[in-house]
Amino acid sequence: MVDMAFGTIWEGIARELPDAVALREPDGDTSYAEFDRRAARLAAALRAHGVTAGSTVACYLYNGAAYLETVFAAFKLGAVPVNVNYRYRGAELTELLLDADAAALVYAGPLADAVRHASAEVPTLRLLVAVGAAPGAGGVPAMAYQEVQATYPPLPHEPRPGTDRLFMYTGGTTGRPKGVIWQQGDLLRTLTFATYRAMDQPAPQSPGEAVETAVRIHGTGQPRISLPVVPLMHGTGLFNTFGTLLTAGEVVFAGGTSLDPRRVWRAVARHRVNNMLIAGNAIARPLVDALVAAERAGEPHDLSSLRTIISSGTTFTDDLKAALHRRAALTIYDGLAASEGGPFAFAVTAAEGDLPSRFRPAPETLVVNAAGVPLAPGSREAGVLAFGGSLPLGYHKDPQRTAATYRTVNGVRHVIVGDYVSYDADGAVTFLGRGSGVINTGGEKVYPAEVEQALLTHPAVADVAVIGEPDDTWGERVAAVLTVHPGVPEPSTADLLEWVRPRLAGYKLPRRVVLVPELPRTPTGKLEVSRVRELLSAR
């Protein structure tokens, strides 16, 4: 582990480069000095309400400066920032906050309804902070974000160790969210290549060296300017944004609470963005569609500054990569990775001629069989990816799953999340799928059992199976096959969706519902998934 903490490095950059731009939003820019001050004021408020080292601070926010300031504030205290999916409804939010023992929650004003539910159910909460709105009434102390900024003096700098932590919540096999525990030093080591070596800089060995490196990069006049289109609540967006801030770069936010491709491309041109963070087809397809539409209208977008696109966690198909390569001189880094660790493999293309994409394992990656034995290239046996680089400690409150996911191979601790691949003779891997049956739709994980349980609460539904179907845009989409009770009128798809909508985030809702007389199950009641897929294909 590298004994460095992100907050300590950012404080040093703010001290050495106070006027450099750290964050750009549609309504204004934030310098590194102001980024530091705003985070320090929030840290003071958190400390005044009992948030200390080891406490968890939940970020229930859209992309924007407040998200990164909240993370920075937690780092200043040695507290643990916790990502929260802003699509979660009240019960889903409550479940995550209970699991995290959240001491504070910083949230976007439009999400207040879900927060009211959670504030009444989570006994560990000590402070609620509303961004962009007045806080609602409730039993937990609450403040508006701007009130915090106007009330509390900045907390003085306090150097922190690399053992300080961060939670990156992902889903479990039961559908319940699980917090992956990262020590900051381990995470920083994981980001070394993308952060420093990609910019021809040596990896720093101390906070002082890290600050010196950032100042040196800034002095070249060619900083990394990153636009995270993917939400910061996902590792791809947050961790790569950390890398930009470690090098005194600029983080650009296009604005809004949902993807607006035209706004994204205008931000790229206006701020000369050279690095874009996305999540596969779910983001790339609308971005490419907007490029095509603008060209047909005779008003093409300016992509001349764009040099790299980083994608991870979901399908990114070659047709969209080709469309982007044709329009800009850029390199696309498409990664197989997980919140639990990685990257396992990369497909790197610098031009349309590099297609089709081929994933190459990272130096720390093995392909192993079910017994944990490493496979050689050209093996006819499907294997799973195992990454042995810098890794998290495991899952919060789940030692059994930690032991199952983090295993020793050849004397080295590896993470194995169940990504099945074929190991081709040329050393590349071909992704076959996730063995757990989890549905990955646009980078969001959907667990069939959770959707099935929600549908089964409908009075007409007798039995149900939920699986993922291939989808060109989202990688997979949620599909449900169900039966109804005898003598009960068949509900329409619209009726079923309205029934489960209050119980599930929007991305978990089935995109297709098929009613059948009987679900294919074995005599022991086990679902025959292959036959369910046949039923869907037939209809």
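The values are calculated or read from the model by the stated rules, or taken from the named source; none is laboratory data. Everything numeric here is computed off the predicted structure, so don't read it as measured data. FYI the Cβ positions are ideal-geometry reconstructions off the backbone, even for glycines, and counts take in every protein chain you see. We work out accessible area using only protein heavy atoms, side chains counted, and drop any ligands, DNA or RNA first. Shrake-Rupley method; radii C 1.70, N 1.55, O 1.52, S 1.80 Å.
For the stretch 348-374, taking the residues that are outside any loop (DSSP other than H, G, I, E, B) and within 30 Å of GLN184 (Cβ to Cβ), the one that is farthest from the chain's Cα centre (by Cα) is identified as VAL368. Total residues in the stretch 74-97 satisfying the condition of being farther than 20 Å from LEU46 by Cβ and either among the charged types (D, E, K, R) or free of Cβ contacts under 8 Å to residues at least 24 places away in the same chain (or both): the figure is 4. Restricted to the stretch 181-227, and to residues there that are open to solvent by less than 10 Å² (accessible area, probe 1.4 Å) and either within 28 Å of GLY256 (Cα to Cα) or charged (D, E, K, R) (or both), the residue that is modelled with the lowest pLDDT is THR195.
Where the second residue is part of a strand (DSSP E or B) and open to solvent by less than 10 Å² (accessible area, probe 1.4 Å) and the first is under 22 Å from LEU227 (Cβ atoms) and in contact (Cβ under 8 Å) with a residue 12 or more places away in the chain and lies in the stretch 9-25, which pairs have Cβ atoms under 6 Å and are six or more apart or on separate chains? From residues that are under 22 Å from LEU227 (Cβ atoms) and in contact (Cβ under 8 Å) with a residue 12 or more places away in the chain, the pairs are LEU23/VAL251; ARG24/VAL252.
Based on this model, can you work out whether VAL368 counts as among the β-branched types (Val, Ile, Thr) and either under 30 Å from PHE167 (Cα atoms) or modelled with pLDDT of 95 or more (or both)? In short, yes. Among residues of the stretch 375-406 being part of a strand (DSSP E or B) and modelled with pLDDT under 95, the one that is surrounded by the fewest Cβ atoms within 10 Å (Cβ to Cβ) is VAL384. Among the residues that make up the stretch 394-411, is at least one of them in contact (Cβ under 8 Å) with a residue 60 or more places away in the chain and either more than 30 Å from THR56 (Cβ to Cβ) or touching a helix residue (DSSP H, G or I) at 6+ places or on another chain (Cβ under 6 Å) (or both)? Yes, because at least one residue in the stretch 394-411 is in contact (Cβ under 8 Å) with a residue 60 or more places away in the chain and either more than 30 Å from THR56 (Cβ to Cβ) or touching a helix residue (DSSP H, G or I) at 6+ places or on another chain (Cβ under 6 Å) (or both). Only a single item in (1) in contact with an Asp or Glu (Cβ under 7 Å, 6 or more places away or on another chain); (2) modelled with pLDDT of 95 or more; (3) farther than 29 Å from GLN184 by Cα is not met by ALA428, and it is number (1). Every condition in (1) in contact (Cβ under 8 Å) with a residue 24 or more places away in the chain; (2) assigned to a loop (DSSP other than H, G, I, E, B); (3) open to solvent by less than 40 Å² (accessible area, probe 1.4 Å) is met by VAL140 except one, and the failing one is (1). For the stretch 274-327, the candidate set comprises residues that are β-branched (Val, Ile, Thr), open to solvent by less than 30 Å² (accessible area, probe 1.4 Å) and in contact with a Lys or Arg (Cβ under 9 Å, 6 or more places away or on another chain); within that set, the residue that is farthest from PHE346 (Cα to Cα) is VAL288. Here the strands (runs of 3 or more DSSP E) wholly within the stretch 427-539 that include at least 3 residues being crowded, with 17+ Cβ neighbours inside 10 Å and touching a Leu at 6+ places or on another chain (Cβ under 8 Å) are 461-471, 475-484. Selection of the stretch 332-344 for residues being open to solvent by 30 Å² or more (accessible area, probe 1.4 Å) and at pLDDT 95 or above yields only TYR333.
Just one of the numbered conditions (1) within 21 Å of PHE316 (Cα to Cα); (2) over 19 Å from the mean Cα position of the chain (by Cα) is not true of SER206: (1). Number of residues in the stretch 84-106 that are farther than 19 Å from VAL451 by Cα and open to solvent by less than 10 Å² (accessible area, probe 1.4 Å) equals 8.
Considering only residues in the stretch 194-221 that are polar (S, T, N, Q) and in contact with a Ser or Thr (Cβ under 8 Å, 6 or more places away or on another chain), the one that is nearest to ILE309 (Cα to Cα) turns out to be THR195.
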